[in-house]
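Student: Mind having a look at this structure? Questions to follow.
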Amino acid sequence: MTLPIRTAVVPVAEIFELRRSVLRPGLPPEAAVFAEDGDPDGRTFHVAAYDEEGAVRGCATFFAEPLPDGPVPGTDEADRAYRFRGMASDPAVRGLGYGVAVLRAGLDEAAARGAETVWCNGRTSARGFYEHHGFTAVGEEFVIESVGPHHVFTIEVGG
């Protein structure tokens, strides 16, 4: 049975509590604030996934940012890349499609905003998830202190 999952681009306030509770548990709320949340250019967007009762069960934040090592080979404009971070799903519904729904909605929105590439710093332990959804790991593994090993994952979305 497939659950009805609705997604929407929303203000950060709509997703903030889920982001904070899943990604920064036990820390003060400001630990879950991203510099990109206050983007004055309006190029940041937040995606929420809702269950049938309207509760936010998944979220992610997307924003224009060039790849760490410059543009993807074959492209000449670094600003055609979007990065996402803060992707989270409520532990009570993990594996039910809320994370995938947020990811797909965000990729579609980034492409509609002119992105050619979307990327993230993803946990190495999630490599299978990213590759299953069309991402490629690029570069060497690196460690984010207090979080663990990561890779840069990229996917082509438009162009």
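Student: From the residues in the stretch 115-134 that are within 20 Å of Phe63 (Cα to Cα) and of a type in the set (Gly, Ala, Ser), which one is surrounded by the most Cβ atoms within 10 Å (Cβ to Cβ)?
Tutor: Once the filter is applied, the top-ranked residue is Ala115.
Student: A follow-up question, please. Only one of these is charged (D, E, K, R), under 25 Å from Arg24 (Cβ atoms) and under 15 Å from the mean Cα position of the chain (by Cα): Glu131, Glu145, Glu156, Glu65. Name it.
Tutor: After applying the criteria, what remains is Glu65.
Student: If you don't mind, another one. Provide a single number: the residues in the stretch 1-14 that are loosely packed, with under 15 Cβ neighbours inside 10 Å and either in contact (Cβ under 8 Å) with a residue 40 or more places away in the chain or under 20 Å from Gly114 (Cα atoms) (or both).
Tutor: Going through the stretch 1-14 one residue at a time, the tally reaches 6.
Student: Looking at the structure I just gave you, is Val56 more than 16 Å from Ile5 (Cβ to Cβ), in contact (Cβ under 8 Å) with a residue 24 or more places away in the chain, of a type in the set (A, V, I, L, M) and touching a Phe, Trp or Tyr at 6+ places or on another chain (Cβ under 7 Å)?
Tutor: no
Student: Look at the stretch 20-42 and say how many of its residues are surrounded by 10 or more Cβ atoms within 10 Å (Cβ to Cβ) and acidic (Asp, Glu).
Tutor: 3
Student: If you check Glu17 against the conditions, is it exposed (fewer than 15 other Cβ atoms within 10 Å of the Cβ), without any contact (Cβ under 8 Å) to a residue 60 or more places away in the chain and among the acidic types (Asp, Glu)?
Tutor: When the stated conditions are applied, Glu17 passes them.
Student: Then there is this: So Asp76 passes all but one of these: (1) modelled with pLDDT of 95 or more; (2) of a type outside the set (Val, Ile, Thr); (3) in a loop (DSSP other than H, G, I, E, B). Which condition number does it fail?
Tutor: Among (1) modelled with pLDDT of 95 or more; (2) of a type outside the set (Val, Ile, Thr); (3) in a loop (DSSP other than H, G, I, E, B), Asp76 violates only (1).
Student: Could you list, in sequence order, all residues of the stretch 103-126 that are outside any helix (DSSP H, G or I), more than 16 Å from Val47 (Cα to Cα) and of a type in the set (Val, Ile, Thr)?
Tutor: Answer for the stretch 103-126, where residues must be outside any helix (DSSP H, G or I), more than 16 Å from Val47 (Cα to Cα) and of a type in the set (Val, Ile, Thr): just Thr117.
The values are calculated or read from the model by the stated rules, or taken from the named source; none is laboratory data. Note that the structure is predicted; figures quoted are calculated from it, not measured. Neighbour counts are summed over all protein chains in view; Cβ atoms, including those assigned to glycine, are modelled from backbone coordinates with ideal geometry.
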